[in-house]
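Everything below concerns the one structure shown next.
The values are calculated or read from the model by the stated rules, or taken from the named source; none is laboratory data. Just so it is clear, the model here is predicted, and its values are computed rather than measured. Here the Cβ positions follow ideal geometry from the backbone for every residue, glycine too, while neighbour counts run over all protein chains shown.
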Amino acid sequence: MKKLALALIFCGASAFAATVTYTTTGTFSNSLSTISAGGVTITYTPVTVADTVTAPSFANVGSFTVSGAGSNTFSDSFTLTILQSAPPGGSSSTVSTVSGLLTGTSSGIALSFTPANFNIGAANWQMFNTPLSPPSTNGGVTTIEAYVTVSPEPSSLALLGSSLVGLGLLARRRLAK
């Protein structure tokens, strides 16, 4: 009975963990992955090899490299596209695009995304406003991350429910002895 109870607990605990597999692309308003403005060059490096995270977790969606020196005073748009192959799984893929705005001021370069939260299938992606590292810090490289969660599927909820029913029956049986 103890083995059955442990198996039910592990099944219920794993019901909410899900694997998310994805790649990314990104372009600035010039349709390229590099812009130069105010004496500064910014290059986006996408996730081109399928990356997998177990949600809920942070996912790397690419990095920006800032080089050069200048006034940093500029504004440009950035479009991030996420191609998610799991979930939903199988051979289908889902794409979502989120817009970012790069703003350079004398105090640095900031990146903000709109919308900050969006869904791709059952996965919810949460983007964060991020200051980009100057060339003197970490070689000017800033990794952009999103927090990914996955809504449980009905079968996962059924698995969790049956685990709880099984534990309840075990407890009832022990109390009856």
Requested in this report: Take VAL66 and decide whether it is in a strand (DSSP E or B), of a type outside the set (S, T, N, Q) and more than 23 Å from VAL95 (Cβ to Cβ).
Outcome: yes
Report summary line: Going through the range 40-74 in order, the residues found to be closer than 22 Å to SER136 by Cβ and of a type in the set (Ser, Thr, Tyr) are THR41, THR43, TYR44, THR45, SER63, THR65, SER67, SER71, THR73
Query raised in the report: When you go through (1) at pLDDT below 90; (2) assigned to a strand (DSSP E or B); (3) touching a Gly at 6+ places or on another chain (Cβ under 7 Å) one by one for SER99, which number turns out not to apply?
Result: (3)
Requested in this report: Answer yes or no: is there a residue in the range 126-134 that is part of a strand (DSSP E or B) and either at pLDDT 95 or above or under 16 Å from LEU83 (Cα atoms) (or both).
Outcome: yes
Query raised in the report: Scanning for something modelled with pLDDT under 90 and in a strand (DSSP E or B), does the range 156-173 turn up at least one residue?
Result: no
Query raised in the report: Within the range 34-62, can you find the residues that are surrounded by fewer than 18 Cβ atoms within 10 Å (Cβ to Cβ), of a type in the set (Ser, Thr, Tyr) and assigned to a strand (DSSP E or B)?
Result: THR34, SER36, THR41, THR43, THR45, THR52, THR54, SER57
Report summary line: Listed by first then second residue, the pairs whose first member lies in the range 123-138 and is in contact (Cβ under 8 Å) with a residue 12 or more places away in the chain and at negative phi, whose partner is surrounded by 17 or more Cβ atoms within 10 Å (Cβ to Cβ) and assigned to a loop (DSSP other than H, G, I, E, B), with beta carbons under 8 Å and at least 6 positions apart or on separate chains, are ALA123/PRO87
Query raised in the report: ALA110: small (Gly, Ala, Ser), crowded, with 17+ Cβ neighbours inside 10 Å and at pLDDT 90 or above, yes or no?
Result: no
